[in-house]
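Structure record follows, encoded as structure tokens.
The values are calculated or read from the model by the stated rules, or taken from the named source; none is laboratory data. Computed from a prediction, not measured in an experiment: that's the story for all the values here. Every residue, glycine among them, receives a Cβ derived from its backbone with ideal geometry; neighbour counts consider all protein chains shown.
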Amino acid sequence: MADFDNLVKEFVAASARTRDKLPMEADVAYGTGDSERLDIFFPAGARENLPVHIFIHGGYWRMFSKQDYSYVAETVTRAGAIAVIVDYAKMPAVRMNVIVDQIRRAERWVADNISSYGGDVDRLTVSGHSAGAHLATFLFQQGATYPKVRAAFLLGGIYDLGPLQSSFLAPEIGITDQEVAAFSPMLHSYNPECRVTVAVGADETPPFHQQAGAFKLLLEQQGLLSSARIIQRANHISSVRDLGRFGTETGGMLTQFIEGVLQPRLEPRITRLG
């Protein structure tokens with residue numbers, strides 16, 4: 001991708017500005033490992049019973065960190081939610097089972113502790129990009145007992161690990177047959193109460209479109225309310241860069257996603273006529 005380096009520079013710089021601007025709690029431990037940390041960003045105003053949104057970054061499980069993606073909190077907090085940006089260990093130093101376990105433990109930490117930061121875990125949503133979208137699927141699988149993720153926004157995700165065994169990633173992370181079987185989202189069942197948006201950039205390569213379509217179909221077959229979104233004039237990196245940019249199609253999608261599912265449950269909407 002010709003503009004990869006420039007796009008990465010853009011969102012890394014935007015993340016530094018976000019950390020300087022938004023109120024936050026940095027490097028909160030959700031475990032004992034060096035990488036088991038998360039950053040919490042807050043919207044303006046009182047911190048009481050706020051919706052909570054977890055973002056999981058991508059990088060093919062082998063690169064980037066939560067600090068590179070602080071900018072996503074701009075959109076999340078503008079929509080009125082607490083943003084939790086999660087970090088995790090990288091392959092090949094660890095295997096996929098370790099990373100998936102970390103993401104699940106990060107979610108449990110949020111469930112157990114976010115109320116002390118003013119968050120309402122009953123209004124929890126999650127998003128992720130690329131490998132982060134893959135990891136996000138493990139937070140709304142069928143049978144998960146707590147907490148319940150109300151909705152998931154998956155951007156440029158990887159849902160079948162099999163093709164990676166013959167891709168450029170093979171010598172870098174070496175996905176095994178056992179990992180394909182255990183950690184391909186296409187082979188799992190999901191909570192039918194979770195609403196899912198499966199998004200992909202129009203300029204993504206065909207495998208991303210194919211996997212997005214196949215995963216959305218799987219969710220529909222399992223009874224989940226799901227929608228597919230194609231982001232015009234966006235590739236794999238520009239789409240995630242735009243998550244934190246006001247006025248972009250991707251940023252607008254994330255805003256609508258958060259605002260659309262996080263209305264307080266006990267406040268019915270009343271329509272007045274005349």
(1) over 18 Å from the mean Cα position of the chain (by Cα); (2) under 21 Å from residue 12 (Cβ atoms); (3) part of a helix (DSSP H, G or I) all hold for residue 214 apart from (2)
For the range 73-107, the count of residues that are of a type in the set (Ser, Thr, Tyr) and either modelled with pLDDT under 95 or on the phi > 0 side of the Ramachandran plot (or both) equals 0
Only one of 133, 181, 152 is of a type in the set (Gly, Ala, Ser) and over 18 Å from residue 98 (Cα atoms), namely 152
Does residue 207 qualify as being under 30 Å from residue 77 (Cα atoms), touching a residue at least 12 places away in the same chain (Cβ under 8 Å) and out of contact with any strand residue (DSSP E or B) (no Cβ under 6 Å at 6 or more places or on another chain)?
no
Restricting the range 187-215 to residues that are at pLDDT 95 or above and of a type in the set (Asp, Glu), the one nearest to residue 136 (Cα to Cα) turns out to be 204
Of the residues in the range 109-137, those that are of a type in the set (D, E, K, R) and surrounded by 21 or more Cβ atoms within 10 Å (Cβ to Cβ) come to 123
Inside the range 35-51, the number of residues satisfying the requirement of being in contact with a Ser or Thr (Cβ under 9 Å, 6 or more places away or on another chain), in contact (Cβ under 8 Å) with a residue 60 or more places away in the chain, within 18 Å of residue 68 (Cα to Cα) and outside any loop (DSSP other than H, G, I, E, B) is 0
Q. In this structure, is residue 99 within 13 Å of the chain's Cα centre (by Cα) and among the hydrophobic types (A, V, I, L, M, F, W, C)?
A. no
Checked 164, 155 against criteria (over 23 Å from residue 54 (Cβ atoms) and at pLDDT 95 or above); the one match is 164
Exactly one of 77, 18, 32 is outside any strand (DSSP E or B) and in contact (Cβ under 8 Å) with a residue 60 or more places away in the chain, and that one is 18
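So that you can scan it fast, the table gives a plain yes or no per residue for (1) surrounded by fewer than 17 Cβ atoms within 10 Å (Cβ to Cβ); (2) at pLDDT 95 or above; (3) under 26 Å from residue 122 (Cα atoms); (4) not hydroxyl-bearing (Ser, Thr, Tyr):
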residue	(1), (2), (3), (4)
160	no, yes, no, yes
181	yes, yes, no, yes
185	no, yes, yes, yes
217	yes, yes, no, yes
239	no, yes, no, no
242	no, yes, no, yes
246	yes, no, no, yes
264	yes, no, yes, yes
271	yes, no, yes, no
